[in-house]
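Engineer: Take this structure first; my questions come after.
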Amino acid sequence: MKATTTAQAIYGRPTSAKRIETGVFWLLRLCTYFVLLCAAFIFWDIGAKGGAVIFKSSAPFINVPFLTEAPETLNVFDYQGGKRTMGDRAFRQFKAEHEAELKGVPVETYVYSAGGIFPNIAGTVLLVLGSMLIALVLGVLSAIYLSEYATDGPFIRFLRLAIINLAGVPSIVFGLFGFGLFVIAFDFGVSLLAGWLTLAFMVLPVIITASEEALKAVPKGYREASLALGATKLQTIRNNVLPYALPGILTSSVLAIARVAGETAPMMFTAAFVMRDELPWQVQRWTEFVFQGVMALPYHIYVVASKIPQNEYTRDVQYGTAFVFLFTVAAIAMTAVILRQRLRKKYQW
Amino acid sequence: MVTLAPMPEPTVTPSAAPRPVAVAPAAPANPAARAVIEIDDVDFNYGAARALHDITLNIPERQVTAFIGPSGCGKSTLLRCLNRMNDLIDGARVSAGQIRIDGVDINDPRVDIIELRKRVGMVFQKSNPFPKSIYENITYGLRIQGQKSKARLDEVVERSLRGAALWDEVKDRLHESALGMSGGQQQRLCIARAIAVEPEIILMDEPCSALDPIATAKVEELIHELKKQFTIVIVTHNMQQAARCSDRTAFFYLGKLVEYADTRTIFMNPANPQTEAYVSGRFG
Amino acid sequence: MSATTENQPLPRLATREVLLRKRRGWFFGMTGDQVVKYLFQGNAAVSIIVLGLITFTIFKDAVGFIPMNHANLAVYRLAGLEYVDLYREQVTAHSTMSRYLADIRARQLDILMQQEGLTAAAAMARLAAFDDFANKFADTINEQETLLGTMSDLVTAVKERQKVAEDLMVARQNLLGGMQGAAPDRAAQLQKDAAAIQIEVIDFKAEIQPVLALRPELVAANASQIAAMREIAAQAPKFADAELSRRMGKFQGFVQGYFKEVEVIAGRMAAWDQAKPIGWLEAFNAFAFGRKWVTASFWQDWYGIIPLLSGSLLIAFLALLIALPLGVAAAIYVNQVARPAEQKFIKPYIEFISAIPSVVLGFFGIAMLGETLRRVSQIPALDWVPGFPMAERLNATTAACLLALMAIPTIFSLAEDAINNVPRSFKEASFALGATRLQTIIHITVPAALSGIMAAILLGFGRVVGETMVVLLCAGNRIQTPDLASGLGVIFQPVHTMTGIIAQEMGEVVRNSIHYRALFMVGVVLFLISLLINWLAQKIVRRYRISIG
């Protein structure tokens, strides 16, 4: 065997070790991009098919009725040699006008396949806003306690254990809990209030953890300097800790919004109705407002995806709803992810 | 499992030959000065670990007292006891003895810690201006005390910045962020912020360790000026600094007070061989 | 305050006075800061309270299940349903044999038409003898079926009456309960109504007698059946095809086995004791080890968690099997191999995947993935894959694919963190010894991060087991324990899951009924699983910290 000089070795030819390395790295790369591709395909599929429902080629370019009307039953029937499709209200009127011609004409009906999803959007927004408000107040205050006040002891250890375990509880168990406690034991009924509390408790651990992280990222020097100037602890937190942690808390919370909006299981027992004629604000008193159930987008997707038979008429409402929901949540999450990256760069203390 | 080879010890550059120390305090320390801080047989614990053993020393009014000693000798711990900053650390407590300021035991449960900290200001090792404007930094202490008068705040800002020899440099950008200043300016801002609340005592925890020589010189000059008004306690790693700007020096080693005397005595004629070894640069 | 006084510096108090100034105790003797602290602390305690409430709520509704199931099983025995079910086993065993014959016939028909090229009519003609045999064979169960029907009618009638009696009991209790706080005349009316309710007390011992009286007939029927079957089995047609004659041989074996089973069942029926009490443990075991989940049945409801638990676990393991290599590979790639620009793109992207709502994924499974997978499974070239072609488009694998996508971000980010936390010096030491990047990853980085990665896997598993919407929409929802006998093809069977059953049935159950409580029992199981996973993950992470530190 010819001895190689150091120089030869350094400039060396590809050895088998190197070739294996390249191969393995390509495999890893392949796995990674496969995951990305799968996700991209889902976005593409729902984006393309749902986009066709939401966007129009002519002005106003957006399917306005789909976003502003309530779901209706679709009626399909033959009329003057052609197939006509009509929502329930339009059909009733049409039937009154053309009673004679429609006699004996078979009408097929498809539930929820006409109209739009406005009440669902409104209900989802209400659910998310309310639960986030509750979760933020509880979560941020808890995080302040954990990061600023807590001293190690049995209480704190127990508290951390509770938070960690709460984070792992499956959403359906939260649903059972909300149903058993708020809907039945407290007799709130299927209502916004029950949904708010259930969802808020569900994201609470996420918010606490994220907020605590943001608070801990504020340099200790700020606290010390403030205290050394004779500020009380509360003054220090209010003036010199919370303001700097707030952006971090908020961006993490935005990600939590995506989670709240996306969790269907808890809201289907506690807050969501399959169908409701009134809009949430059509109530007499405010107490009725919090004790009313609402329609919600994710539950609507579940209902239209599982309960009604698959056919060309239902496909539109399915993909349209999924599109609106997915891309709203995705936009929220995207904003949070981007904001977070910016913030990480900006706040490097 | 992977077995890992033991990591090589970091190589240590041997310290240079013993440095000659220039000691030139402006005036001999006034032995008659009243002791404003009396530390009496103090033991201090972090949980079960004892960080300070039986410390006794009196700190005279309107003089600069320096705490020196190698890392981990307890000098910063003692400093942080003086305004009870150690309360922030779990399990840290004065386990025996008393620290009295103006005759009041500061660890007495009746003592209002907020008032204590207003009276005993502190400047930290790492300059820590708040990410606010210079003006807001200076007025922070007064605002949280409820001072709202704009005229009074303006006056305090000018006085404090002049006091910290910073006024001429920043008077035109009082409302710009303090984070835009240089390191030395930031540290002097922190000093200005501390004197804005008119404390009696200012504690400085290695205030120049992160500064370049020029900025250090400015801060030292400032310390000279400040001692006319305030009692100053400074912790430093830098023996020349202690020699240059302190009136009295305490040398700590392994949590014990080894020697406490006039700075001149400590550096020129130390009584204890450990002190001598340290000040002549043979260890630490 | 006037400006002039403000502008004057406040008179300086002596330090002594200031320090000892009496503190402002303004709220039950607490200072503002203390009050605030307790406020925050109280807030933080909400987490503990919520966890406590969850535990309390679901356990409270779940524990009632045991006594109710106890009563349920007691009626099953007392009314004689259990006795009849013993006999039903015999009938079921017989019909299994008939189905086996039908299977043989189908194969033979296939052979005749495909290989010998006969027309359908001709093939049928050739099978006439076999059909005759099969029909005769099937007829041998007729008598038993009639008897089974008679007994079923008798016992269901008793059970029905018991149900009515129970309902009336509840109604009477409601009336009596309504008396509290009611106006006197109203209360009197309620009491009268309650007294008017006639509740039948069923004497199960007497009611079972007509059923037991049929025993001689059962014995006689069995004897004549066995004789008839012997005779018919002796005339079984023979097949030229080797495979088919092997099957016919197997069939003869079944028949012999059946004879033995008849005896065993007859013995068990004779030994059956109506008065034997149901143990509490039995009521619990019927849940924990029950292999049937049958609800709203006219015959008997069973609440056994095994089919649901096994479905959940099957899907979870499948999902992890997919997610684990992908998630860990992506974590290693991003942390160790990828260029910074790639990292900046991939990390938020994967984080972003976790934001896809599960219901949308489930919808995608129904609308797209299920059908696509089935099409793929129908490609003839893939016939060798066990379980292909799939019978159902919605099955364990469809759900597992989507769940894997949900678990990947969890596994990825935790594993990436773990890899990131491996001290740089380890890596540098390895490089300095001349190791390649791959060698360093395999021998240093991954082993050092292993416990972190394991925790990631556990938490990913937790996320998958607890996920609801995807399995509800895509798992096929057939309540059946996955049949492991079908080999690897088991992964293409439709299954039902614990989360799915709660979501599906919770909306339709009567509050506080046994079914309602059974669903809470399932919730308890899920809750305990999540606690267990968390505990394990914590344990692993803690050990890992020590090993690094």
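The values are calculated or read from the model by the stated rules, or taken from the named source; none is laboratory data. Remember, it's a predicted structure, so these values are computed and weren't measured experimentally. With ideal geometry, Cβ positions are generated from the backbone for all residues, glycine too; neighbour counts draw on all protein chains shown.
Engineer: Could you check region B:113-151 and list, in sequence order, the residues that are at the interface with another protein chain (Cβ under 7 Å from one of its Cβ atoms), of a type in the set (D, E, K, R) and farther than 24 Å from residue A:234 by Cβ?
Structural biologist: B:126 - this is the single residue of region B:113-151 that is at the interface with another protein chain (Cβ under 7 Å from one of its Cβ atoms), of a type in the set (D, E, K, R) and farther than 24 Å from residue A:234 by Cβ.
Engineer: Pull up region C:87-102, narrow it to residues that are of a type outside the set (Ser, Thr, Tyr) and either touching an Asp or Glu at 6+ places or on another chain (Cβ under 8 Å) or in contact (Cβ under 8 Å) with a residue 40 or more places away in the chain (or both), then point me to the one that is farthest from residue C:264 (Cα to Cα).
Structural biologist: C:101
Engineer: Give me the pairs, please: first residue somewhere in region A:179-190 and under 17 Å from residue C:502 (Cβ atoms), second residue anywhere and not small (Gly, Ala, Ser) and not in a helix (DSSP H, G or I), beta-carbon distance under 7 Å, and either six or more positions apart or on two chains.
Structural biologist: Pairs that qualify, where the first residue is under 17 Å from residue C:502 (Cβ atoms) and the partner is not small (Gly, Ala, Ser) and not in a helix (DSSP H, G or I), are A:182/A:188; A:183/A:190; A:184/C:511; A:190/A:273.
Engineer: Considering C:481, C:499, which residue is surrounded by 17 or more Cβ atoms within 10 Å (Cβ to Cβ), of a type in the set (Ser, Thr, Tyr) and within 14 Å of chain A (Cβ to nearest Cβ)?
Structural biologist: Numbers: C:481 fails: within 14 Å of chain A (Cβ to nearest Cβ).
When all the criteria are applied, what remains is C:499.
Engineer: Ok, one more. Which of the helices (runs of 4 or more DSSP H) found entirely inside region C:12-87 contain at least 1 residues meeting this: modelled with pLDDT of 85 or more and at the interface with chain A (Cβ under 9 Å from one of its Cβ atoms)? I'd like the intermediate steps shown before the answer.
Structural biologist: Values: elements: C:15-19, C:32-63, C:65-78.
Of the helices (runs of 4 or more DSSP H) lying wholly inside region C:12-87, those with at least 1 residues that are modelled with pLDDT of 85 or more and at the interface with chain A (Cβ under 9 Å from one of its Cβ atoms) span C:32-63.
Engineer: If you don't mind, there's one more thing I want to ask. Just one of (1) closer than 22 Å to residue A:175 by Cα; (2) basic (Lys, Arg); (3) assigned to a helix (DSSP H, G or I) trips up residue C:542, so point out which.
Structural biologist: (1)
Engineer: Where residues in region A:312-330 are more than 10 Å from chain C (Cβ to nearest Cβ) and among the aliphatic types (A, V, I, L, M), which of them is farthest from residue C:350 (Cα to Cα)?
Structural biologist: Restricting to residues being more than 10 Å from chain C (Cβ to nearest Cβ) and among the aliphatic types (A, V, I, L, M), the top hit is A:317.
Engineer: For region A:148-178, how many residues are facing chain C (nearest Cβ under 7 Å) and either in contact (Cβ under 8 Å) with a residue 60 or more places away in the chain or touching a Lys or Arg at 6+ places or on another chain (Cβ under 9 Å) (or both)?
Structural biologist: From region A:148-178, those facing chain C (nearest Cβ under 7 Å) are A:149, A:158-159, A:162-166, A:168-173, A:176-177; that's our starting set.
Now restrict to residues that are either in contact (Cβ under 8 Å) with a residue 60 or more places away in the chain or touching a Lys or Arg at 6+ places or on another chain (Cβ under 9 Å) (or both): A:149, A:168, A:170-172, A:176.
Residues flagged as facing chain C (nearest Cβ under 7 Å) and either in contact (Cβ under 8 Å) with a residue 60 or more places away in the chain or touching a Lys or Arg at 6+ places or on another chain (Cβ under 9 Å) (or both) within region A:148-178 amount to 6.
Engineer: Name the residue that is nearest to the chain's Cα centre (by Cα), counting only residues in region B:118-133 that are among the basic types (Lys, Arg) and closer than 22 Å to residue B:231 by Cα. Explain how you work it out, then say what you get.
Structural biologist: First, pick out the residues of region B:118-133 that are among the basic types (Lys, Arg): B:118-119, B:126, B:132.
So of that shortlist, the ones also closer than 22 Å to residue B:231 by Cα come out as B:118-119, B:126.
Numbers: B:118: 15, B:119: 15, B:126: 12 Å.
Among residues in region B:118-133 that are among the basic types (Lys, Arg) and closer than 22 Å to residue B:231 by Cα, the one nearest to the chain's Cα centre (by Cα) is B:126.
Engineer: Kindly indicate which of C:243, C:261, C:282 is surrounded by 11 or more Cβ atoms within 10 Å (Cβ to Cβ) and at pLDDT below 85. Steps first, answer last, please.
Structural biologist: Working: C:261 fails: at pLDDT below 85; C:282 fails: at pLDDT below 85.
After applying the criteria, what remains is C:243.
Engineer: Please go through region C:354-402 and pick out each residue that is in a helix (DSSP H, G or I), within 14 Å of chain A (Cβ to nearest Cβ) and among the aliphatic types (A, V, I, L, M).
Structural biologist: Hits for region C:354-402 are C:359, C:360, C:361, C:366, C:367, C:368, C:369, C:373, C:399, C:400, C:402.
Engineer: Does residue C:311 satisfy the criteria of being closer than 30 Å to residue C:160 by Cα and small (Gly, Ala, Ser)? Walk me through how you get there before you give the answer.
Structural biologist: Working: closer than 30 Å to residue C:160 by Cα: no; small (Gly, Ala, Ser): yes.
When the stated conditions are applied, residue C:311 does not pass them.
Engineer: Also: Looking at this structure, is residue A:232 touching an Asp or Glu at 6+ places or on another chain (Cβ under 6 Å), in the same structural domain as residue A:293 (by TED's automatic domain parsing) and not basic (Lys, Arg)?
Structural biologist: Values: touching an Asp or Glu at 6+ places or on another chain (Cβ under 6 Å): yes; in the same structural domain as residue A:293 (by TED's automatic domain parsing): yes; not basic (Lys, Arg): yes.
When the stated conditions are applied, residue A:232 passes them.
Engineer: When region A:183-193 is examined, which residues are found to be hydrophobic (A, V, I, L, M, F, W, C), touching a helix residue (DSSP H, G or I) at 6+ places or on another chain (Cβ under 8 Å) and closer than 16 Å to residue C:507 by Cβ?
Structural biologist: Across region A:183-193, the qualifying residues are A:183, A:190.
Engineer: Within region A:196-222, restricting attention to residues that are part of a helix (DSSP H, G or I), more than 27 Å from residue A:127 (Cα to Cα) and within 10 Å of another protein chain (Cβ to nearest Cβ), which residue is farthest from the chain's Cα centre (by Cα)?
Structural biologist: First, the residues of region A:196-222 that are part of a helix (DSSP H, G or I): A:196-217, A:220-222.
The next check asks that each one be more than 27 Å from residue A:127 (Cα to Cα); those that pass are A:215-217, A:220-222.
Filter once more, keeping what is within 10 Å of another protein chain (Cβ to nearest Cβ): A:220-222.
Working: A:220: 34, A:221: 37, A:222: 35 Å.
Looking at the filtered set, the residue picked out is A:221.
Engineer: Can I ask one more? Does residue B:97 meet the test of being surrounded by fewer than 21 Cβ atoms within 10 Å (Cβ to Cβ) and more than 11 Å from chain A (Cβ to nearest Cβ)? Don't jump to the end; show me each part of the working.
Structural biologist: Values: surrounded by fewer than 21 Cβ atoms within 10 Å (Cβ to Cβ): yes; more than 11 Å from chain A (Cβ to nearest Cβ): yes.
Yes; evaluated as a whole, the condition is true for this residue.
Engineer: Within region A:62-147, considering only helices (runs of 4 or more DSSP H) that don't extend past its boundaries, which have at least 2 residues that are in contact (Cβ under 8 Å) with a residue 12 or more places away in the chain, farther than 30 Å from residue C:42 by Cα and not hydrophobic (A, V, I, L, M, F, W, C)?
Structural biologist: Numbers: elements: A:64-68, A:88-97, A:99-102, A:118-144.
Fully inside region A:62-147 and qualifying: A:64-68, A:88-97, A:118-144.
Engineer: Which of the residues belonging to region C:150-205 are over 25 Å from residue C:84 (Cβ atoms), in contact (Cβ under 8 Å) with a residue 24 or more places away in the chain and of a type in the set (Gly, Ala, Ser)? Steps first, answer last, please.
Structural biologist: Step one: filter region C:150-205 for residues over 25 Å from residue C:84 (Cβ atoms), giving C:168-199.
Of the ones still in play, those that are also in contact (Cβ under 8 Å) with a residue 24 or more places away in the chain are C:168-169, C:171-172, C:197-199.
Listed by number, the list holds a single entry, C:171.
Engineer: Still on this structure, I have one more. Could you list all residues from region A:224-235 that are without any contact (Cβ under 8 Å) to a residue 60 or more places away in the chain, at negative phi and within 14 Å of chain C (Cβ to nearest Cβ)? Step through it out loud before you land on a result.
Structural biologist: So in region A:224-235, the residues without any contact (Cβ under 8 Å) to a residue 60 or more places away in the chain come out as A:224-232, A:234-235.
If we keep only those that are at negative phi too, we end up with A:224-229, A:231-232, A:234-235.
Hits for region A:224-235 are A:226, A:227, A:231, A:232, A:234, A:235.
Engineer: Kindly indicate whether residue C:326 is within 8 Å of chain A (Cβ to nearest Cβ), over 24 Å from the mean Cα position of the chain (by Cα) and farther than 25 Å from residue A:261 by Cβ. Before the answer, list the steps.
Structural biologist: Working: within 8 Å of chain A (Cβ to nearest Cβ): yes; over 24 Å from the mean Cα position of the chain (by Cα): yes; farther than 25 Å from residue A:261 by Cβ: yes.
It is true that residue C:326 is within 8 Å of chain A (Cβ to nearest Cβ), over 24 Å from the mean Cα position of the chain (by Cα) and farther than 25 Å from residue A:261 by Cβ.
Engineer: What number of residues in region A:286-311 are farther than 25 Å from residue C:470 by Cβ and either within 14 Å of another protein chain (Cβ to nearest Cβ) or not hydrophobic (A, V, I, L, M, F, W, C) (or both)? Step through it out loud before you land on a result.
Structural biologist: Within region A:286-311, the subset farther than 25 Å from residue C:470 by Cβ is A:286-292.
Imposing the further condition that a residue be either within 14 Å of another protein chain (Cβ to nearest Cβ) or not hydrophobic (A, V, I, L, M, F, W, C) (or both) reduces the set to A:287-288, A:292.
Number satisfying all stated conditions: 3.
Matching residues to (1) in contact (Cβ under 8 Å) with a residue 12 or more places away in the chain; (2) in a helix (DSSP H, G or I); (3) buried (at least 16 other Cβ atoms within 10 Å of the Cβ):
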residue: B:141; (1), (2), (3): yes, yes, yes
residue: B:146; (1), (2), (3): no, no, no
residue: B:154; (1), (2), (3): no, yes, no
residue: B:161; (1), (2), (3): yes, yes, yes
residue: B:175; (1), (2), (3): yes, no, no
residue: B:189; (1), (2), (3): yes, yes, yes
residue: B:202; (1), (2), (3): yes, no, yes
residue: B:211; (1), (2), (3): yes, no, yes
residue: B:215; (1), (2), (3): yes, yes, yes
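Engineer: Exactly one of these conditions fails for residue C:181: (1) part of a helix (DSSP H, G or I); (2) surrounded by fewer than 16 Cβ atoms within 10 Å (Cβ to Cβ). Give me its number.
Structural biologist: (1)
Engineer: Oh, and also: Considering only residues that are without any contact (Cβ under 8 Å) to a residue 40 or more places away in the chain and more than 8 Å from chain A (Cβ to nearest Cβ), which ones fall in region C:339-353?
Structural biologist: C:339, C:340, C:341, C:342, C:343, C:345
Engineer: Also, quick follow-up: Within the set of pairs 6 or more residues apart or between chains, which connect a residue that is within 13 Å of chain C (Cβ to nearest Cβ) inside region A:247-260 to a residue that is of a type in the set (S, T, N, Q) and outside any helix (DSSP H, G or I) with Cβ atoms less than 9 Å apart?
Structural biologist: From region A:247-260, the pairs are A:255/C:354; A:258/C:354; A:259/C:354.
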